[in-house]
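The values are calculated or read from the model by the stated rules, or taken from the named source; none is laboratory data. Fair warning: this is a prediction, and the values are worked out from it, not measured in the lab. Here the Cβ positions follow ideal geometry from the backbone for every residue, glycine too, while neighbour counts run over all protein chains shown. Keep in mind that these areas ignore ligands, DNA and RNA; they rest on the heavy atoms of the full protein, side chains included. Shrake-Rupley method; radii C 1.70, N 1.55, O 1.52, S 1.80 Å.
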Amino acid sequence: HFGSFALLWIRGGSQHNAALNIISTLKEQLGDLDKVEQVVKVFGIVQSTDDFKEQHLVIDGCSDVIMEVFGEEATGYHARSAIGTGTLPIDISVEVEAVVQIKD
């Protein structure tokens, strides 16, 4: 749950785990990450207080991991959006989804 002092925790937190879960799922389903044509978009929802306005920085942490794995060229470069909410299921801090184009 992110509040006004959460910027100290942003790097290395649950958003990184979310990115690793996305990458792990892709590997499991595709068998090989080289089958990813492009990460098109990452959308993140951050559980945060009303005074926290840095949701985009939280989701940047997820984007950073994706860019490290897939590269900053066409495959890893993607659109990103983030919103805040007062609650998420099972009290998780971050929920992230990705739209990924797969090679034919």
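Miscellaneous remarks
- Residues of the range 61-104 satisfying the condition of being of a type outside the set (D, E, K, R) and in a helix (DSSP H, G or I): GLY61, CYS62, SER63, VAL65, ILE66, MET67, VAL69, PHE70, PRO89, ILE90
Matching residues to (1) touching a residue at least 40 places away in the same chain (Cβ under 8 Å); (2) within 8 Å of the chain's Cα centre (by Cα); (3) surrounded by 14 or more Cβ atoms within 10 Å (Cβ to Cβ):
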{"position": "VAL58", "(1), (2), (3)": "yes, no, yes"}
{"position": "CYS62", "(1), (2), (3)": "yes, yes, yes"}
{"position": "VAL69", "(1), (2), (3)": "yes, no, yes"}
{"position": "GLU73", "(1), (2), (3)": "no, no, no"}
{"position": "TYR77", "(1), (2), (3)": "no, no, yes"}
{"position": "ARG80", "(1), (2), (3)": "no, no, yes"}
{"position": "ILE92", "(1), (2), (3)": "yes, no, yes"}
{"position": "VAL99", "(1), (2), (3)": "yes, no, no"}
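- Residue in the range 32-44 that is surrounded by fewer than 12 Cβ atoms within 10 Å (Cβ to Cβ) and at pLDDT 90 or above present: yes
- Taking residues in the range 15-27 that are open to solvent by 80 Å² or more (accessible area, probe 1.4 Å), and partners anywhere that are not small (Gly, Ala, Ser), the pairs with Cβ atoms closer than 7 Å and at least 6 places apart or on different chains are LEU20/VAL65; LYS27/LEU33.
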